[in-house]
1. When the range 532-566 is examined, which residues are found to be surrounded by fewer than 16 Cβ atoms within 10 Å (Cβ to Cβ) and on the phi > 0 side of the Ramachandran plot?
2. Can you tell me which residue in the range 392-431 is surrounded by the most Cβ atoms within 10 Å (Cβ to Cβ), limited to those that are assigned to a loop (DSSP other than H, G, I, E, B), of a type in the set (A, V, I, L, M, F, W, C) and touching a strand residue (DSSP E or B) at 6+ places or on another chain (Cβ under 7 Å)?
3. Answer yes or no as to whether R467 is assigned to a helix (DSSP H, G or I), open to solvent by 50 Å² or more (accessible area, probe 1.4 Å) and touching a residue at least 24 places away in the same chain (Cβ under 8 Å).
4. Tell me which residues, restricted to the range 435-462, are under 12 Å from K563 (Cβ atoms) and open to solvent by 50 Å² or more (accessible area, probe 1.4 Å).
5. Scan the range 529-540 and give yes if some residue there is within 22 Å of W424 (Cβ to Cβ) and not in a loop (DSSP other than H, G, I, E, B), otherwise no.
6. Take the range 347-381 and flag every residue that is aliphatic (A, V, I, L, M) and buried (at least 17 other Cβ atoms within 10 Å of the Cβ).
7. Output yes when any residue across the range 272-279 is modelled with pLDDT of 90 or more and within 23 Å of K163 (Cα to Cα), and no when none is.
8. If you check R529 against the conditions, is it open to solvent by 60 Å² or more (accessible area, probe 1.4 Å) and basic (K, R)?
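The values are calculated or read from the model by the stated rules, or taken from the named source; none is laboratory data. Just so you know, these numbers come straight off a predicted model, no measurement behind them. No Cβ is skipped: glycine too gets one built from the backbone with ideal geometry, and neighbour counts run over all protein chains shown. Surface areas here come from the heavy atoms of the whole protein model, side chains and all, with no ligands, DNA or RNA. Shrake-Rupley method; radii C 1.70, N 1.55, O 1.52, S 1.80 Å.
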Amino acid sequence: AATLLLSRCLLKMVKGNIVVPEEILNFCCNGLQGSTSLPRARDPGEREEAPGAMANPSPPGNPTEVQMSQLVLPCHTNHRGELSTGQLLKWIDTAACLSAERHAGCPCVTASMDDIYFEHTISVGQVVNIKAKVNRAFNSSMEVGIQVSYEDLCSGKHCSICKAYATFVAQGPSGSKVKLKPLTPQTEEEKIEHSIAAERRRMRLVHKDTLKDLLIRSPRETELETRDGSVAVPAEKTRVESVELVLPPHANHQGNTFGGQIMAWMENVATIAASRLCHAHPTLRAIEMFHFRGPSQVGDRLVLKAIVNNAFKNSMEVGVCAEAYDQEMSVSRRHINSAFMTFVVLDQEGQPRTLPMVAPEPGDGERRYREASARKKIRLDRKYVVSCKQTEVPLSVPWDQSNKVYLSYNNVSALKTLVAKANWALAGEKEKVRMYTLEEDKFLSFRIEMSVHIAAGRAFSLLSDLRRRHEWDRHYVSAELVQQVDDDDMIYHVVSQTLSSENKPQDFVILASRRKPCSKGDPYVVAFRSVTLPTHPASASFTRGETLCSGFCIWPESEEMSKVAYYNQATPGYLNYVTTNVAGLSSNFCATFEACEKFLLKNKEDLIMRLQDL
């Protein structure tokens, strides 16, 4: 900390043409060469403290938060004087591991690292600031959120680099799994991340199935793109194979190879493979999920393989894997890790250059070529559906099977984010029904809630079927089930009797996503949002309405009592109706919710009978 503070002062003095005493210069130089961190557990994979490193103790608010600052020195950089991505991955994994172990109270290992998109490069002399904290603990695994930014000591400028999510597993003696204590979020941000972590976990588990489904529906023939003035480069010419001997400095405090070191080695061979295609120095733009399949130990040989799977116009995907074997090679190689990395080549203006085409080898090469195209589509879906701000996309997004996982994720996470907001204000109360509002920059949201004498699971079953909503909501005329996507997601065509400004009834195409509680304290969730379907275009008979974010959350209060809450982020076409109720000029909301209570009480016994018959 003192080294960084003195460095800042020194740079300002030099910039202002102030003579710096020789004693201060010597002190700063010696500090940079031998700086140490505050007392803390040793970073995994480090035998000595990294030069220029600083890891702060967690603030009082969150006991799992770790803040690390690293001064980028020449030994950390590539030929361009920019921080090596491999070195950054080491620091990210170190900070995340420290955070995980703070919560677990025992050693933790990296299970996976989600997709990472790098927004900027970092130059020598700048400071990398990393903040990591546990978002949610499941049974024996936990999600750690990592935010990375850089700081320019001369200008004082701060800039975001990337955001990442890592999954760690707590391990007891002899590698046994440890059951983790639950984590209680405190701030609004922590509550949002805690709630959405369950959705991210669900998305990780179905990622392979999503890719497989997309490939099944895609043409099996490999069609090579034609590119002016470009000769296809055989993919085999980009193949790289390198071996690394795992030595004690590469191990963590458990004796296993440090996960960050493995990721750094993988990034190195992937960069070489990309360079062989473009005959230039590529820049890593994105990494698709590192997945650790097993450990390796000191003395193992790690074989790292990389090859360019596909080259698009301005980017290329490199597949890389790590395999381990012992010194006797008594058993076959063990698959340790695999990942896919996206590279670009930048011109002098910083714009991506056009890349040569790749000619895949028959068999596995063609399979990798097709899978790379499928992964590119999935990445675009994720970026469009999951990563974009809601104000930057249309209310209704196109539906197709390939992006169903991300639309479902976005649907549920948007509702959970709305639920976790802290500034809800009580707008009115009538008997058991309470109405709250939330005013933000561009949206007015409302929440209506009441306690109902019904088990939460039964209320969840009744309210998640839109075909029965007309029984209690007079605004609904009908709801047709258009597509049963899976057990948790359905698409409905809804007709409403509410007239639009064109004096026509409205209709909606709505994705309904259901979620049961992931752990104790979680609500049952039914989320709604508009989608577009080619089979159900807008009709002249109706005004096509849209819903951005709405749905139910149901919390068990006892075995036979539940708190039922309905949330809605009002769209422009619905705003007048909302404000009329909020201002007290209408009691339609309360009357509708009271009808909902009567519907639940009337049908809970029928539901019990049907379940018993099953």
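1. none
2. Here is the first cut: in the range 392-431, the residues assigned to a loop (DSSP other than H, G, I, E, B) are 393-396, 399-400, 420-424, 431.
So of that shortlist, the ones also of a type in the set (A, V, I, L, M, F, W, C) come out as 393, 395, 399, 420, 422, 424.
Now narrow it down to the ones that are touching a strand residue (DSSP E or B) at 6+ places or on another chain (Cβ under 7 Å): 395, 399, 424.
Values: L395: 17, W399: 22, W424: 16.
Looking at the filtered set, the residue picked out is W399.
3. Working: assigned to a helix (DSSP H, G or I): yes; open to solvent by 50 Å² or more (accessible area, probe 1.4 Å): yes; touching a residue at least 24 places away in the same chain (Cβ under 8 Å): yes.
Yes; evaluated as a whole, the condition is true for this residue.
4. H453 - this is the single residue of the range 435-462 that is under 12 Å from K563 (Cβ atoms) and open to solvent by 50 Å² or more (accessible area, probe 1.4 Å).
5. The initial filter retains those residues of the range 529-540 that are within 22 Å of W424 (Cβ to Cβ), namely 529.
Narrowing the set further to residues that are not in a loop (DSSP other than H, G, I, E, B) leaves 529.
The answer is yes; a qualifying residue exists.
6. Start the filter on the range 347-381 by keeping residues that are aliphatic (A, V, I, L, M), which leaves 355, 357-359, 372, 374, 378, 380.
Within the range 347-381, L355, M357, V358, A359, A372, A374, I378 meet the criteria.
7. The answer is no, given that none of the residues of the range 272-279 is modelled with pLDDT of 90 or more and within 23 Å of K163 (Cα to Cα).
8. Details: open to solvent by 60 Å² or more (accessible area, probe 1.4 Å): no; basic (K, R): yes.
Spelling it out, it is not the case that R529 is open to solvent by 60 Å² or more (accessible area, probe 1.4 Å) and basic (K, R).
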